[in-house]
Amino acid sequence: MKNRHLACPLAAATALALAGCGMLPGGGGTKTVNIWLMRDSVSEDFLNRFTEAYEEEHDGIELQVTIQDWTGIGKKVTEAIQGPGGPDVIEVGNTQVAQYADTEKLFDLTLESVRDLGSEDWLPGLAEPGSIGGSQYGIPWYAANRIVIYNKDLFADAGIDKPPTTRAQWLADTEKLNTKGSQGIYLAGQDWYTLAGFIWDEGGELATDKGGEWTGALDSAAARRGMAYYKELQSLGSGPKDADEQNPPQADVFAKGDVAQLIAAPSGIAAILKANPALKDKLGYFPIPGAKEGQPCAVFTGGSDLIIPENAPQRGAALDVVKALAGEKWQTDLARTMGYVPNKKGLASVVAGQEATAVMARGAARGRATPNSPQWADVEADNPIKPYMTAVLQGEDPLKAAKLASAEITDTLAE
């Protein structure tokens, strides 16, 4: 179950406060729809545009938007949906829908999904975690996933004139790039989201669900093939085997100019250019290659879904707001404004003019989410996948390490 709470950087300006941040006074006969969004999820301009347009098109409706912080949001949302008169619409991380659905306090949006929202075209990495037990509780809002960011100069120096399109070619090219004092790729040893994509591409899983019982699956043959590929790719650079991509920040490492490739979401481009503005015209992008020609690798999809609590005071009006936010008009605006992938594969063309985002959208068509268990957040809290990866990269027995990590995942998901 996937959920990501995203938020918008809102200034304390009076106009914004009145338009979008919860200070709109309700008039007689006016319905106020209370919406929770996460900080930095949308821009101030987008929120103002949406709020003003929606209220103009819907007489008697006022939108009260409250920006929430990430810290402590899980407890806050759980309390809100279980108490009386909570918010009407809540943005949640796509991987978190399951934990909220587990309270049995979310409104079932299956009918609206099929009838009004074109669910057949939704990105799987947003739609699947929002579906619990055959019912749709999370409506996909927007997505983001990893791509390969590369240094055009280093590719040219190595005689590589176009990005690879298969994992086999990617390895061959990366080996060529890993010479003359340059790293072919910077890949930290514990970048488990990237590993997940390789596992899925091989047909494996992080964990499997059999009749409600979850079992860790890192020890399957397919999952171990994914880890073996990760090990081979990671060896073609100097990334640490015992740390993740934040230690040190991988954007800073790439910005030094001697790293040919980096796996990151396009949001990392800003950090790279902040550290080294001279790279502005030297960056290129391509989807993480898959095992098959013409098919990008499966990727972890982060992003947000929208949920409506059972206790929403304005449920009918809330449904209309969700339909608008998840519909083509505002999906197009949001994607272009924020550099996100829209919630439908059929809308990928709206970001065609934004190179990195367009590449991200190609990968998102094969997006996946983490296992749809209410306890998956507990797995990530003390993540056994990270030490498993380090163990394999440092030469320990892959099967033994995978069995140990799988057992820990099984135990946590059973709690």
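The residues of the stretch 166-207 that are open to solvent by 50 Å² or more (accessible area, probe 1.4 Å), without any contact (Cβ under 8 Å) to a residue 24 or more places away in the chain and under 24 Å from residue 405 (Cβ atoms) amount to a single one, 203.
As for the stretch 306-323, it holds no residue that is surrounded by fewer than 17 Cβ atoms within 10 Å (Cβ to Cβ), farther than 25 Å from residue 62 by Cα and not polar (S, T, N, Q).
Scanning the stretch 332-344 for residues that are touching a residue at least 24 places away in the same chain (Cβ under 8 Å) and either closer than 19 Å to residue 44 by Cβ or surrounded by fewer than 18 Cβ atoms within 10 Å (Cβ to Cβ) (or both) gives 333, 334, 335, 337, 338, 339, 340. On the stretch given as the stretch 274-302, residues that are touching a strand residue (DSSP E or B) at 6+ places or on another chain (Cβ under 8 Å) and surrounded by 15 or more Cβ atoms within 10 Å (Cβ to Cβ) total 18.
Within the stretch 365-402, being farther than 28 Å from residue 289 by Cα and open to solvent by 60 Å² or more (accessible area, probe 1.4 Å) holds for 378, 381, 382, 400. If you go through the stretch 210-222 and keep only what is in a helix (DSSP H, G or I) and either closer than 13 Å to residue 400 by Cα or among the charged types (D, E, K, R) (or both), you end up with just 221.
Scanning the stretch 175-197 for residues that are hydrophobic (A, V, I, L, M, F, W, C) and not in a helix (DSSP H, G or I) turns up 185, 187, 188.
Selection of the stretch 345-358 for residues being part of a helix (DSSP H, G or I) and either open to solvent by less than 10 Å² (accessible area, probe 1.4 Å) or not hydrophobic (A, V, I, L, M, F, W, C) (or both) yields 345, 346, 349, 351, 355, 357. When each of 147, 132 is tested for being under 29 Å from residue 195 (Cβ atoms) and open to solvent by 10 Å² or more (accessible area, probe 1.4 Å), the lone residue that passes is 132.
Taking residue 152, is it surrounded by fewer than 19 Cβ atoms within 10 Å (Cβ to Cβ), touching a residue at least 12 places away in the same chain (Cβ under 8 Å), of a type in the set (D, E, K, R) and farther than 27 Å from residue 42 by Cβ? So residue 152 fits the description; yes. Restricting the stretch 25-44 to residues that are in contact with a helix residue (DSSP H, G or I) (Cβ under 7 Å, 6 or more places away or on another chain) and farther than 21 Å from residue 305 by Cβ, the residue that is least open to solvent (accessible area, probe 1.4 Å) is 44. Across the stretch 155-165, the number of residues qualifying as in contact (Cβ under 8 Å) with a residue 24 or more places away in the chain and either among the small types (Gly, Ala, Ser) or surrounded by 24 or more Cβ atoms within 10 Å (Cβ to Cβ) (or both) comes to 1.
Candidates 218, 236: the one that is under 15 Å from residue 399 (Cα atoms) and touching a Ser or Thr at 6+ places or on another chain (Cβ under 6 Å) is 218. Could you list, in sequence order, all residues of the stretch 217-248 that are open to solvent by 60 Å² or more (accessible area, probe 1.4 Å) and under 21 Å from the mean Cα position of the chain (by Cα)? If the condition is that a residue be open to solvent by 60 Å² or more (accessible area, probe 1.4 Å) and under 21 Å from the mean Cα position of the chain (by Cα), then 246, 247 are the ones that fit.
How many residues does the stretch 86-104 contain that are polar (S, T, N, Q) and more than 17 Å from residue 209 (Cβ to Cβ)?
3
Name the single residue, out of those in the stretch 78-107 being small (Gly, Ala, Ser), touching a Pro at 6+ places or on another chain (Cβ under 7 Å) and not in a loop (DSSP other than H, G, I, E, B), that is farthest from residue 373 (Cα to Cα). Steps first, answer last, please.
Taking the stretch 78-107 first, the residues small (Gly, Ala, Ser) are 80, 83, 85-86, 93, 98, 101.
In the following step, the residues that additionally are touching a Pro at 6+ places or on another chain (Cβ under 7 Å) were identified as 80, 85-86, 98.
With the extra rule that they be not in a loop (DSSP other than H, G, I, E, B), the set shrinks to 80, 98.
On the way: 80: 21, 98: 6 Å.
Looking at residues that are small (Gly, Ala, Ser), touching a Pro at 6+ places or on another chain (Cβ under 7 Å) and not in a loop (DSSP other than H, G, I, E, B), I get 80.
Evaluation of residue 60 against the conditions (1) open to solvent by 40 Å² or more (accessible area, probe 1.4 Å); (2) over 25 Å from the mean Cα position of the chain (by Cα); (3) on the phi > 0 side of the Ramachandran plot shows that the sole unmet condition is (1).
Residue-by-condition table, conditions (1) under 25 Å from residue 369 (Cβ atoms); (2) modelled with pLDDT of 95 or more; (3) touching a helix residue (DSSP H, G or I) at 6+ places or on another chain (Cβ under 6 Å); (4) not hydrophobic (A, V, I, L, M, F, W, C):
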{"residue": "208", "(1), (2), (3), (4)": "yes, yes, no, yes"}
{"residue": "216", "(1), (2), (3), (4)": "yes, yes, yes, yes"}
{"residue": "223", "(1), (2), (3), (4)": "yes, yes, yes, no"}
{"residue": "238", "(1), (2), (3), (4)": "no, yes, no, yes"}
{"residue": "254", "(1), (2), (3), (4)": "no, yes, yes, no"}
{"residue": "267", "(1), (2), (3), (4)": "yes, no, no, yes"}
{"residue": "274", "(1), (2), (3), (4)": "no, yes, no, yes"}
{"residue": "299", "(1), (2), (3), (4)": "yes, yes, yes, no"}
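The values are calculated or read from the model by the stated rules, or taken from the named source; none is laboratory data. These figures come from a predicted structure and were not determined experimentally. When we count neighbours, we look across all protein chains shown, and the Cβ atoms used for this are built from the backbone with ideal geometry, even at glycine. Each accessible area value is taken on the protein alone, full model and side chains, heavy atoms only, with ligands, DNA and RNA left out. Shrake-Rupley method; radii C 1.70, N 1.55, O 1.52, S 1.80 Å.
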